[in-house]
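Data block below; observations after.
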Amino acid sequence: MKVQEAPNPLAEGLHDYRVADPAVMVIFGATGDLSGRKLLPALYNLAKQRSLPAGFAVVGAAMTEMTEQSFRQLASQKIHEFSRTQPIDDRVLSSFLDMLSYVKVDFSKTEDFKALGKKLQEIDNNNHIPGNRVFYCATPPQTYQMIAVQLRASSLNTGDGWKRIVVEKPFGTDLKSARELTETLHKVFTEDSVYRIDHYLGKETVQNILAFRFANSIFEPVWNSNLIDSVQITIAEEIGIENRGSYYDRAGALRDIVQNHGLQLVTLTAMEPPLAFEANAVRDEKVKVLRSIRPLLGEEIEESTVRGQYTTGWVLGEKVEAYREEKNVASDSQTETYAALRLFIDNWRWAGVPFYIRAGKRLPKRVTEIRIQFKRPPHLTFGREAMKEVDPNAITLRIQPEEGISLKFGAKVPSAGLRIRSVTMDFQYLTSFLVEAPEAYERLLLDCMIGDPTLFTRSDEVEVAWSLIDPIEDAWRNGRPPLETYPSGTWGPPSSSTLLQSEGREWHRP
Amino acid sequence: MSTTTEHEPLTAWQGEDVTVGDVLDALHGIRAKFARTDVGDDEHGHPRNCVMTLIGIAPTESDERVARHTTQLISSEHPAQAIVIREEAPLRGHHLDAWITTEAQQPGAGCPTECEIITLHVRGAAAEHLAALVDPLLVSGVPTYLWWLGTPPFGKKELADALRVCDGLVVDSARFNEPFNSFRGLSRLLKAAHHRLGLADLQWSRLRPWREMIAQFFTPVDRRHFLTGIAEVGVDYAGDGRGNRIAAALITGWMAGALGWRLRSAAAGQGGVVVAHYLASGRSVEVDFRSVQREHLTPGELGAVRIAGASRGTTFRLSVQHDPERRPPPADTVYQAMHPTEGEDDAGFELAQRRAEWHRDVLHENLGSLHHTATGDAPGESRPRPPIVLSRDRRRPDTERVLLTLIEIGEGRPLRHVQQLDRQDEVALLLDLLSTGTHDEVFNRSLAAASALIDKF
């Protein structure tokens, strides 16, 4: 639990001063992919930025038999390979490696957790740590509940100092399993000690959506159904499922992307201004949006959703195989690799404005963006002929790549006559701030150590999101609407275009 | 990531005995040309990005080189317009010579940006009216910073005129001539400057890691009460004389300002020693400055900051040191090895000696009862276990690029922590400063408190 206290007067005015409390971070699954690619490099970079305090320690815990020295060697190798900042600073690395310990833990054995507890106590005593712990589950989701239960059985969730647990998405596979996970976690930790990581929220450009909307006065007055015609959210990937066939074939695009990233972007685009950029204030507003989304039920699912699966095709100049030919994918798989939805938010601000979401794999390019499409002017002052090349105004929030914002508007073409043409005014992160943004995990790990859950997902958010997705998932499993195919390298199945064309709109080409 | 270049920027235009109007015309042409570089007929031109205007006043030729080089490197992270001005000896008929150099950057996935560096050599009375010279060149809507290399003419009209068009003045008090008097001049600007003007000092920026390390110690909630228990502060600085005590005064002023200490008295003695007493909520805090000679420190630089005190029955000691000198471990005694602060600096060495002696005396005097307390055995029935000897030397060959923090709380084991220092060259310091702006209330408060302290020297 975050302790409310007066701010440290000596920290006043220190720009970007964010430092963790002295604590021990236990990484379950420390020898795995997530730990090696993301967590250890992120912790190294935090050490480099002086964000880890004296006494901070990391304990790797995994099933692998390994000495402390071997674990440090593994960490060093992964940091060299995956750190955002290069070259590696040997002195910082050496100092960071000194913080690392390793304990072999079989998640099914309570005595292993008790041995872990002894190690933690020893570190506490040596490092002036008042019992603060972060338990990071960098393990498959099916182990989360077992780890939580073992932490309670070995009393590692109690005692002096704060205790927090971090779990990675997916948070369940449907509403029922999400609730079960939450119930188990709540038996061991209070909700404000559970940090559900969706690394998407740690991205600078995702956070910038809120800055753009609420740090400027000129956009909010037009950010409603009076002037906005529709909102399009595109989350496109050019890659296939890589080596995740066994997971992906059970999940599909709807659960893998739309349930979390897609709905997060909807909430950030549509939420009301929170009282402050503070955890519960922000998350309350996000939940309000999710609760205001009109659930798709019955026939509406067929009318408002599209699902597709990629077939063989060409992407970025290379021929790629069909989804059903991928490793660990059933040859008759009905899993969607493309999902498109039309949602409505039934509240005063957004009444009647459709939110179109599309997410897919093997699309022409990797791009994530939110496009706010404005209505046309009520009267064509310059006549239809002069305006024929003018598109309606639009604001595009580009999340990745080429992070930035563009505004599309009409301008007079320099000539004797009067012709108007659409032009764009671009803001690009890279050209205005030529500095590299921190990696999402660095931000989120530090937030967790500081006790700031603003960018983490709360249990009610997860549950409302699943309650919107479950009926769609059920209908899709029953073949409603039927699964379509699309050639790799195209923008999805034909019905995806029809979804908008039937209402006189079309997808923006990112 | 941007592509940073180290080569000389391209000279796009130059003119002798020109007017500011000529410079403006040249700039328009350069910008129009850049917008259409490598752009197809039906494509949009490159948008112009500029986040600030940085004016560098360079009193000497070498300062001019530094200013141009620095602004060029800054532009690799922030698209900017830079104006470098140097006053030259009057030459009949010549008032203004100008060069415009440009530096294009191509960020990985973004469109190119161009930084402009305008160098002006000014002769005669025009140099005393800088505002009139630069105002037409300023980019509208972005902040203008005036970086004065060397010592600004504090109290003179020339400076006041230049500040009229600026949002921030950046100086480096470590480079002042007559630093003592100039620093006081800087502090007087606090009252004289217009409300939009921010003051910034690169010397203050160099103190940032020190401030971070000190703040970090007090950040955990369970240590916050130590702030009200601070009894002693010791600051080591390099060099002799009052002009070298500015960084020490600033770090003291920072603490005094943040913690509400009021200066009661201060006096400077022989050998660079300064003793000051502050009043903090009825308690007295003693601050001692000590001049140290270290090869790796430049005059005026901080060598160490030590803070000690007690609160709620617990003693604490924090020591932050810059590039600690290495010493061979002193001969013998297991007791000294229990207090491994020795060898890091003189004060730490003395402390370790004193604590080791005290520990040994206490242990021997109370051997029996201590053992009884620990084990429950009757006194004299068995011998206590020997103390744990911390014999492993975990120290690494630290350099000037690290700060070493030593923490002692109560009788717990001392904790040693090494943290990296950022680059501290002018480019890095300016980048850090300009990315956050020059309006820093904490600096203003610390400057005022530091000035009050050095006034007593």
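The values are calculated or read from the model by the stated rules, or taken from the named source; none is laboratory data. Just so it is clear, the model here is predicted, and its values are computed rather than measured. Positions of Cβ are generated from backbone atoms using ideal geometry, with glycine treated the same way; all protein chains shown enter the neighbour counts.
Quick one: which helices (runs of 4 or more DSSP H) sit completely within the range B:201-297 and have at least 1 residues that are farther than 20 Å from B:S173 by Cα?
Qualifying helices (runs of 4 or more DSSP H): B:208-218, B:246-259.
Does the range B:99-114 contain any residue that is at pLDDT 80 or above, in contact with a helix residue (DSSP H, G or I) (Cβ under 8 Å, 6 or more places away or on another chain) and either closer than 20 Å to B:C166 by Cβ or among the basic types (K, R) (or both)?
So far as the range B:99-114 goes, no, none of its residues is at pLDDT 80 or above, in contact with a helix residue (DSSP H, G or I) (Cβ under 8 Å, 6 or more places away or on another chain) and either closer than 20 Å to B:C166 by Cβ or among the basic types (K, R) (or both).
State the number of residues belonging to the range A:90-120 that are charged (D, E, K, R), crowded, with 18+ Cβ neighbours inside 10 Å and part of a loop (DSSP other than H, G, I, E, B).
Total satisfying the criteria: 0.
So which of A:F28, A:F56, A:F113, A:F71 is out of contact with any strand residue (DSSP E or B) (no Cβ under 7 Å at 6 or more places or on another chain), of a type in the set (F, W, Y) and away from chain B (no Cβ under 14 Å)?
Result: A:F113 is the single residue among A:F28, A:F56, A:F113, A:F71 that is out of contact with any strand residue (DSSP E or B) (no Cβ under 7 Å at 6 or more places or on another chain), of a type in the set (F, W, Y) and away from chain B (no Cβ under 14 Å).
Among the candidates A:A30, A:A11, A:A47, A:A57, single out the residue that is of a type outside the set (S, T, Y) and closer than 26 Å to A:P141 by Cβ.
A:A30
Restricting attention to the range B:406-417, report how many residues are at the interface with another protein chain (Cβ under 8 Å from one of its Cβ atoms) and either crowded, with 21+ Cβ neighbours inside 10 Å or of a type in the set (F, W, Y) (or both).
2
Taking the range A:391-412 as the search range and keeping residues that are at pLDDT below 90 and outside any strand (DSSP E or B), which one is surrounded by the most Cβ atoms within 10 Å (Cβ to Cβ)?
A:E403
Run A:T64 past the list (1) part of a loop (DSSP other than H, G, I, E, B); (2) within 14 Å of chain B (Cβ to nearest Cβ); (3) of a type in the set (S, T, N, Q) and report the number of the one that doesn't hold.
(2)
Determine which member of the set B:G260, B:G269, B:G282 is at the interface with another protein chain (Cβ under 10 Å from one of its Cβ atoms), farther than 20 Å from B:S182 by Cα and free of Cβ contacts under 8 Å to residues at least 40 places away in the same chain.
After ruling out the rest, the residue left standing is B:G260.
Which numbered condition trips up A:G131, out of (1) of a type outside the set (V, I, T); (2) under 17 Å from A:F189 (Cβ atoms); (3) within 14 Å of chain B (Cβ to nearest Cβ); (4) surrounded by 21 or more Cβ atoms within 10 Å (Cβ to Cβ)?
So the condition that A:G131 fails would be (4).
For B:Q72, work out the one condition from (1) more than 14 Å from chain A (Cβ to nearest Cβ); (2) modelled with pLDDT under 90 it doesn't fulfil.
(1)
Under 8 Å by Cβ, and 6 or more places apart or on different chains, what pairs join a residue from the range A:138-151 that is in contact (Cβ under 8 Å) with a residue 24 or more places away in the chain with one that is among the polar types (S, T, N, Q) and part of a helix (DSSP H, G or I)?
A:A138/A:S35; A:Y144/A:T184; A:Q145/A:T184; A:A148/A:T184; A:V149/A:T184; A:Q150/A:T110
For the range A:360-378, which positions are part of a loop (DSSP other than H, G, I, E, B) and within 24 Å of A:V315 (Cβ to Cβ)?
Result: A:K361, A:R362, A:L363, A:P364, A:K365, A:R366.
B:L433 - would you say it is surrounded by 20 or more Cβ atoms within 10 Å (Cβ to Cβ), of a type outside the set (S, T, N, Q), more than 19 Å from B:V235 (Cα to Cα) and at pLDDT below 85?
Taking the combined requirement at face value, the residue satisfies it.
If I filter the range B:147-154 for residues that are away from every other protein chain (no Cβ under 14 Å) and in a strand (DSSP E or B), do I get at least one hit?
Looking through the range B:147-154, at least one residue is away from every other protein chain (no Cβ under 14 Å) and in a strand (DSSP E or B).
Looking at A:E463, A:E442, can you tell me which residue is assigned to a helix (DSSP H, G or I) and closer than 29 Å to A:G404 by Cα?
Going through A:E463, A:E442 in turn, just one is assigned to a helix (DSSP H, G or I) and closer than 29 Å to A:G404 by Cα: A:E442.
Working carefully through the options A:R371, A:R349, find the one that is at pLDDT 95 or above, out of contact with any His (no Cβ under 9 Å at 6 or more places or on another chain), among the charged types (D, E, K, R) and closer than 28 Å to A:E299 by Cα.
The conditions single out A:R349.
Results for (1) in contact with a helix residue (DSSP H, G or I) (Cβ under 8 Å, 6 or more places away or on another chain); (2) at pLDDT 95 or above; (3) aliphatic (A, V, I, L, M), shown as yes or no for each residue.
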position: A:T190; (1), (2), (3): no, no, no
position: A:I235; (1), (2), (3): yes, yes, yes
position: A:R244; (1), (2), (3): no, no, no
position: A:Y248; (1), (2), (3): yes, no, no
position: A:H261; (1), (2), (3): yes, no, no
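Select from the range B:302-341 the residues that are among the basic types (K, R), at pLDDT 50 or above and either surrounded by fewer than 18 Cβ atoms within 10 Å (Cβ to Cβ) or not in a strand (DSSP E or B) (or both) and list them in ascending order.
B:R312, the sole residue that qualifies.
Okay, residues lined up against (1) within 13 Å of chain B (Cβ to nearest Cβ); (2) under 30 Å from B:E43 (Cα atoms); (3) under 26 Å from the mean Cα position of the chain (by Cα):
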{"position": "A:V423", "(1), (2), (3)": "yes, yes, no"}
{"position": "A:G451", "(1), (2), (3)": "yes, no, yes"}
{"position": "A:W476", "(1), (2), (3)": "no, no, yes"}
{"position": "A:S497", "(1), (2), (3)": "no, yes, no"}
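Can you tell me which residue is nearest to B:S311 (Cα to Cα) among those in the range B:175-196 that are touching a Lys or Arg at 6+ places or on another chain (Cβ under 9 Å) and surrounded by fewer than 20 Cβ atoms within 10 Å (Cβ to Cβ)?
Taking the candidates together, the pick is B:F180.
Any idea how many residues of the range A:467-481 are touching a strand residue (DSSP E or B) at 6+ places or on another chain (Cβ under 9 Å) and either buried (at least 18 other Cβ atoms within 10 Å of the Cβ) or free of Cβ contacts under 8 Å to residues at least 24 places away in the same chain (or both)?
4
Please tell me if A:R84 is within 14 Å of chain B (Cβ to nearest Cβ) and either out of contact with any strand residue (DSSP E or B) (no Cβ under 8 Å at 6 or more places or on another chain) or on the phi < 0 side of the Ramachandran plot (or both).
yes
May I ask you to list pairs of residues, at least six apart or on different chains, whose Cβ atoms are under 7 Å apart, with the first in the range B:119-141 being closer than 19 Å to B:P153 by Cβ and the second being of a type in the set (D, E, K, R) and part of a helix (DSSP H, G or I)?
Listed by first residue and then by second, the contacts come to B:E128/B:E158; B:H129/B:D161; B:L130/B:D161; B:A131/B:D161.
I need the full set of residues from the range B:278-301 which are of a type in the set (D, E) and crowded, with 20+ Cβ neighbours inside 10 Å, in order please.
The answer is B:E301, and nothing else.
Output the residue which, of all residues in the range B:171-188 that are assigned to a helix (DSSP H, G or I) and of a type in the set (A, V, I, L, M), is nearest to the chain's Cα centre (by Cα).
Among them, the one singled out is B:A174.
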